[in-house]
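Trainee: The structure's right below; bear with me while I get my questions together.
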Amino acid sequence: MRQQMALGSFIFGLSRDFAYSGLVRKTDGGWVDLNILISKPKSSQVGQALETLSITGKSMYAVAMERLDELRALQALRVPLPLVDGIGRNWGLWRITSVTETQSEIIDDGTAMLNAWAIELTEFIHA
């Protein structure tokens, strides 16, 4: 089965009618600027922050609502999950920071015909 990404047991991809269309990866260099009263700020290294990922997409019909409920169930476990991309690269452990959905074109039974969604992940490092 082809997939874009797997987060624990959850699979992103067309095969599950839940493909993402955007991924933003943020890596912090660990630099801060210390303001100095009589000169330019001084740079200081305080250590690299955790990486974050924002995965976004749009899905249709009740399938999208079901998949988002699956992600919320994983989030409720409150454990870090392995993240593996479609070419087999292991991205390490990640925690689900937030799951956001925007339902539109809702029909009479409450089903959203279009569902825009965003999943925010934060890298997990063992203590």
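The values are calculated or read from the model by the stated rules, or taken from the named source; none is laboratory data. Just so we're clear, the structure is a prediction, and the values are computed from it rather than from any experiment. FYI the Cβ positions are ideal-geometry reconstructions off the backbone, even for glycines, and counts take in every protein chain you see.
Trainee: Looking at the stretch 40-69, which of the residues that are surrounded by 16 or more Cβ atoms within 10 Å (Cβ to Cβ) and not small (Gly, Ala, Ser) is modelled with the lowest pLDDT? Walk me through it before giving the result.
Mentor: Our first condition is that a residue be surrounded by 16 or more Cβ atoms within 10 Å (Cβ to Cβ); within the stretch 40-69, this holds for 51-55, 57, 59, 64-65, 67-68.
Among the residues that remain, those that are also not small (Gly, Ala, Ser) are: 51-53, 55, 65, 67-68.
On the way: GLU51: 95, THR52: 96, LEU53: 96, ILE55: 96, MET65: 85, ARG67: 92, LEU68: 92.
For the stretch 40-69, the residue satisfying everything is MET65.
Trainee: Report, ordered by the first and then the second residue, all pairs with beta carbons closer than 7 Å, sequence separation of six or more or different chains, a first member in the stretch 28-43 that is not in a strand (DSSP E or B), and a second member that is not hydrophobic (A, V, I, L, M, F, W, C).
Mentor: ASP28/GLN48; GLY29/GLN48; GLY30/GLN45; GLY30/GLY47; GLY30/GLN48
Trainee: Count, please, the residues in the stretch 82-127 that happen to be of a type outside the set (S, T, N, Q), over 22 Å from LEU14 (Cα atoms) and modelled with pLDDT of 90 or more.
Mentor: 7
Trainee: If GLN75 satisfies all but one of (1) modelled with pLDDT under 95; (2) part of a helix (DSSP H, G or I); (3) in contact with a strand residue (DSSP E or B) (Cβ under 7 Å, 6 or more places away or on another chain), what's the number of the condition it fails?
Mentor: Failed condition: (1).
Trainee: Let me ask something additional. Would you be able to say whether some residue in the stretch 62-71 is touching a helix residue (DSSP H, G or I) at 6+ places or on another chain (Cβ under 9 Å) and outside any strand (DSSP E or B)?
Mentor: Taking the stretch 62-71 and keeping what is touching a helix residue (DSSP H, G or I) at 6+ places or on another chain (Cβ under 9 Å), we get 63, 67.
Adding the requirement that they be outside any strand (DSSP E or B) leaves 63, 67.
Taking every residue of the stretch 62-71 in turn, at least one turns out to be touching a helix residue (DSSP H, G or I) at 6+ places or on another chain (Cβ under 9 Å) and outside any strand (DSSP E or B).
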